[in-house]
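To start, the structure under review is shown below, and the notes come after it.
Nothing in this text is a laboratory measurement; each read-out follows from the coordinates by a stated rule. These numbers come from a predicted model, not from an experiment. So basically every Cβ, Gly included, is an ideal-geometry build from the backbone, and we count neighbours across all protein chains shown.
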Amino acid sequence: ASNLLPWYRLEKELGIEIQYIPVDNHGVVIMDEYEKLLNSQVKVVTLAHVTNVMGALQPIQQMTTLAHEVGALMVVDGAQSVPHHPIDVKALDIDFLGFSSHKMCGPDGVGVLYGKYELLDRMEPLLLGGGMNARFTSDADVILKNAPIKFEAGTPNIEGVIGLGAAAEYLMSIGMENISAYEKELRAYFAEKLKELDNIEFYNPNNTSGPITFNAKGVFAQDAAGYLGANHIAVRSGNHCAKVLHEVIGTDQTIRASLYFYNTKEEVDRFIEVAKNISLENAVGIFF
């Protein structure tokens, strides 16, 4: 939603035209279709590096090169990729990258927007206030500080920023390459186990990153999630703020199990033992 609703607003306010990039059954961009959409009228290409439902890892570097060939900017939602994969914004050549703290062991309410300096320098700040101006006078002569300081109006979320910095240092001390490799192996193990369950519909078994997304057959997602929760297994159920993507997979409610570097194969085994017993009879009513 956070990378759709702002564009919807601009569609109403400025009359921009929004086009959707086709994806395959795994949620991966179909590159031939993407190239057909690109022309000199395209100003911005934006997408999630890794989707929060299907977990598809998109070919961002290749997509960025093609976007730049027609003069378009590449704006990337990195909320699901930055915590799990090594990201080099210079190598990818993306223009903007946003990600949040709470997906990477940090506090809620704080995040990061990276932008190429020459683009930030040309932009006007959304918010005005103390700390972001060099000086101003009573006749409205305002001089802003240079980017990125000109975007930091007022008192920042000091505790949140410190927490985000500590979380980033913690992840880097483990090594993003190590985290990515471990999670890839663990997800493959989880996927093979989950595919064996006859009572589970598994939506993204072939993806190598991102969450495990599934439903228990014949059971409402929230009820199945409630059953897992009653057995001390934390999952998320619902549309995951991705209502448009759910139109692609044919259901508007799913369950999402999100792995991180602290999860283990033993925990996956316990998940499987509990999940095989999810049924309408033993799950209904637990969530409410």
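In terms of distances greater than 30 angstrom between alpha carbons, the cross-link table entries K103/K193; K90/K193; K90/K145 yield K90/K193.
By the beta-carbon count within 10 Å of each Cβ, the least crowded to most crowded order of V268, V248, fewest first, is V248, V268. Summarising the amide proton neighbourhood of L144: residues at separation of 5 or more, or on other chains, whose placed amide H is nearer than 5 Å comprise A134.
With the dipole of the chain worked out from charges on the C-beta (+1 for Lys and Arg, -1 for Asp and Glu) around the Cα centre, which of A216, S2, N282 lies farthest toward the positive end? The one lying farthest along the dipole's positive direction is N282. Computed from backbone phi with θ = phi - 60° and the Karplus coefficients 6.51, -1.76 and 1.60, the 3J(HN,Hα) list for the stretch 62-78 is 5, 5, 5, 4, 5, 5, 5, 5, 9, x, 8, 8, 10, 10, 10, 8, x Hz; x is used for glycine and proline. Highest GNM mean-square fluctuation among G115, G250, G71, for the chain modelled with Cα contacts below 10 Å: G250. For the pair the stretch 113-128 and the stretch 1-46, the centres of their Cα atoms are 22 angstrom apart. Comparing L38, L128, L97 in a Gaussian network model of the chain (Cα springs below 10 Å), the most mobile by mean-square fluctuation is L128. Placing +1 on each Lys and Arg Cβ and -1 on each Asp and Glu Cβ, with no other charges, gives the stretch 176-283 a dipole about its Cα centre of roughly 160 debye. Partner lysines whose Cα lies under 24 Å from the Cα of K12, excluding those fewer than 8 positions away in the same chain, are identified as K43, K243. Is it possible to state the helix-based mean residue ellipticity at 222 nm for the chain, with each DSSP H run of 4+ residues giving -39500 (n - 2.57), the sum divided by total residues, to the nearest 500 deg cm²/dmol? What is it? Result for the chain: -10500 deg cm²/dmol, rounded to the nearest 500. Each Lys and Arg Cβ is given +1 and each Asp and Glu Cβ -1; about its Cα centre, the chain then shows a dipole of about 280 debye. Electrostatic bookkeeping for L127 treats Lys and Arg as +1 and Asp and Glu as -1; over the other residues with beta carbon under 12 Å from its beta carbon, the sum is -1. Taking a straight Cα-Cα cut-off under 15 Å and skipping sequence neighbours fewer than 8 places away in the same chain, the aspartates and glutamates within cross-link reach of K217 are E196, D198, E201, D252, E281. In order along the stretch 155-160, phi translates into HN-Hα couplings of 7, x, 6, 4, 4, x Hz, rounded to whole numbers, per the Karplus curve 6.51 cos²θ - 1.76 cosθ + 1.60 with θ = phi - 60° and x for Gly and Pro.
Remark: S180, S40 ranked as S40, S180, counting other beta-carbon atoms within 10 Å and listing the fewest first. For K150, a cut-off of 19 angstrom between C-alpha atoms picks up these lysines, skipping any fewer than 8 places away in its own chain: K116.
Just checking my list (1) 53, 53, 25; (2) 56, 40, 37; (3) 72, 46, 37 against Cα extents along the principal axes in Å computed from this structure; which label fits? Checked against the structure: label (3).
For the chain, modelled as a GNM whose springs connect Cα atoms under 10 angstrom apart, the maximal fluctuation among E266, E196, E13 occurs at E13.
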